[in-house]
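The values are calculated or read from the model by the stated rules, or taken from the named source; none is laboratory data. The model shown is predicted, which means the values in this text are computed figures rather than measured ones. Every residue, glycine as well, gets a Cβ built from its backbone with ideal geometry; the counts of neighbours run over all protein chains shown.
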């Protein structure tokens, strides 16, 4: 069985590489209670946060290393290079895994942080030191760009430069900007609000043509109010995908912010609530039921219903909470891969699980359910139903090109789905 899985993964990897020039992929890596998000472009990869849970139940550093190893094995053209590493803030559940990317084979080209001071052993301090050391040696080829972001740098559309946005792809070129960062001068918050590291988290927005994602780190309510005020009257906070703030905490997402983002899909980096150790999802009560209720009202895409555990306070959970909207969480979906094209189409990539990582797997169009067909690029409910009706009436497809015989499906749709299907 293990040998069969390895062969399947190899086959899938070859097929996926054929679409490498057409898509952006968001990999929400399961690091338990924490966050690590790998964004894959046709010409580059970036990493946003590298934290996670570390206890007898979950070793996030091992999970992160295995996932990155598997990713770069597939994307050998990237030569283990992270074009930029962004740390939203210096808390350990966002920085614990920094050590694994500091040394070869990994190469870091740029570093962006909120610039807050942290302990000498923290991941943020280590990244700052690596960037500074690279500037001081004699080899200019290993220089690492470093950009701390203070809110004073932000304009009406945020802040960007060649360090924040170092990705330059032919065709669709991503746009990366920072919408929030460290507030060096107290803007009128009370002492407790200003002291909170979370309120100085980076907010990052990435646009790939008409597709977009926004990541707010652990930004809490006080800073969210000010960010909303700063961008009032603009659409800069609007995004297709929202990486839910503060692991699904009640204070991580104001209703006004959710209304402004208008997300189609939500991702949550959150631990398994069955892990009852300190600093776990169970300990914090994440994700919070009230927040989940808000997401289910605002998220516009759906998913087949699943029932999960959600927090009703610290160490207090509700079982069998039904999720019907497109809310994907590492606690119940493991590693998550979303894919977007330049015209705003998003889908969740179907994966198979291995000990190392989740690897995308091909969909058999002769046996796929409606839900599986809906994960394919360019396939909505009408086309999915048409595929099922055609194979019911005519028997199994004998080639992918035979999809051209299905009403409503033509060469352009076949080109989109070809790398993801088999017969």
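In the set (1) more than 30 Å from residue 230 (Cα to Cα); (2) in contact with a helix residue (DSSP H, G or I) (Cβ under 8 Å, 6 or more places away or on another chain); (3) in contact (Cβ under 8 Å) with a residue 24 or more places away in the chain; (4) surrounded by 14 or more Cβ atoms within 10 Å (Cβ to Cβ), residue 105 fails one condition alone, (4).
Looking at region 161-178, can you tell me whether even one residue there is crowded, with 19+ Cβ neighbours inside 10 Å, modelled with pLDDT of 95 or more, outside any loop (DSSP other than H, G, I, E, B) and touching a helix residue (DSSP H, G or I) at 6+ places or on another chain (Cβ under 6 Å)? Looking through region 161-178, none of the residues is crowded, with 19+ Cβ neighbours inside 10 Å, modelled with pLDDT of 95 or more, outside any loop (DSSP other than H, G, I, E, B) and touching a helix residue (DSSP H, G or I) at 6+ places or on another chain (Cβ under 6 Å).
When 229, 223, 239 are checked against the criterion of being assigned to a loop (DSSP other than H, G, I, E, B) and either under 15 Å from the mean Cα position of the chain (by Cα) or at pLDDT 95 or above (or both), a single residue qualifies: 239. Within region 85-102, the set of residues being in contact (Cβ under 8 Å) with a residue 60 or more places away in the chain and under 17 Å from the mean Cα position of the chain (by Cα) comprises 86, 87, 88, 89, 93, 94, 97.
Among the listed residues 23, 28, which satisfies the condition of being surrounded by 17 or more Cβ atoms within 10 Å (Cβ to Cβ), modelled with pLDDT under 95 and touching a strand residue (DSSP E or B) at 6+ places or on another chain (Cβ under 6 Å)?
Numbers: 28 fails: modelled with pLDDT under 95.
After ruling out the rest, the residue left standing is 23.
You will find that of 82, 78, 68, the residue that is without any contact (Cβ under 8 Å) to a residue 40 or more places away in the chain and either closer than 21 Å to residue 178 by Cα or out of contact with any strand residue (DSSP E or B) (no Cβ under 9 Å at 6 or more places or on another chain) (or both) is 82 and no other.
Could you grab me the full set of residues in region 226-244 that are out of contact with any strand residue (DSSP E or B) (no Cβ under 9 Å at 6 or more places or on another chain) and touching a residue at least 12 places away in the same chain (Cβ under 8 Å)? Hit for region 226-244 is 228, nothing else. Just so you know, in region 245-266 the residues that are part of a loop (DSSP other than H, G, I, E, B) and free of Cβ contacts under 8 Å to residues at least 60 places away in the same chain include one that is surrounded by the fewest Cβ atoms within 10 Å (Cβ to Cβ), and it is 262.
Going by what's in this entry, would residue 98 be described as crowded, with 17+ Cβ neighbours inside 10 Å, in a strand (DSSP E or B) and touching a strand residue (DSSP E or B) at 6+ places or on another chain (Cβ under 8 Å)?
Details: crowded, with 17+ Cβ neighbours inside 10 Å: yes; in a strand (DSSP E or B): no; touching a strand residue (DSSP E or B) at 6+ places or on another chain (Cβ under 8 Å): yes.
Judged against the criteria, residue 98 is not a match.
A search for C-beta distances below 7 Å between a residue of region 283-309 that is at positive phi and in contact (Cβ under 8 Å) with a residue 40 or more places away in the chain and any residue that is in a helix (DSSP H, G or I) and crowded, with 19+ Cβ neighbours inside 10 Å, counting only pairs 6+ apart in sequence or on different chains, returns nothing. What's the number of the condition residue 112 fails, among (1) within 19 Å of the chain's Cα centre (by Cα); (2) closer than 30 Å to residue 233 by Cα; (3) touching a residue at least 60 places away in the same chain (Cβ under 8 Å); (4) in a loop (DSSP other than H, G, I, E, B)? Condition not satisfied by residue 112: (4). Across region 355-371, the number of residues qualifying as modelled with pLDDT under 80 and in a loop (DSSP other than H, G, I, E, B) comes to 5.
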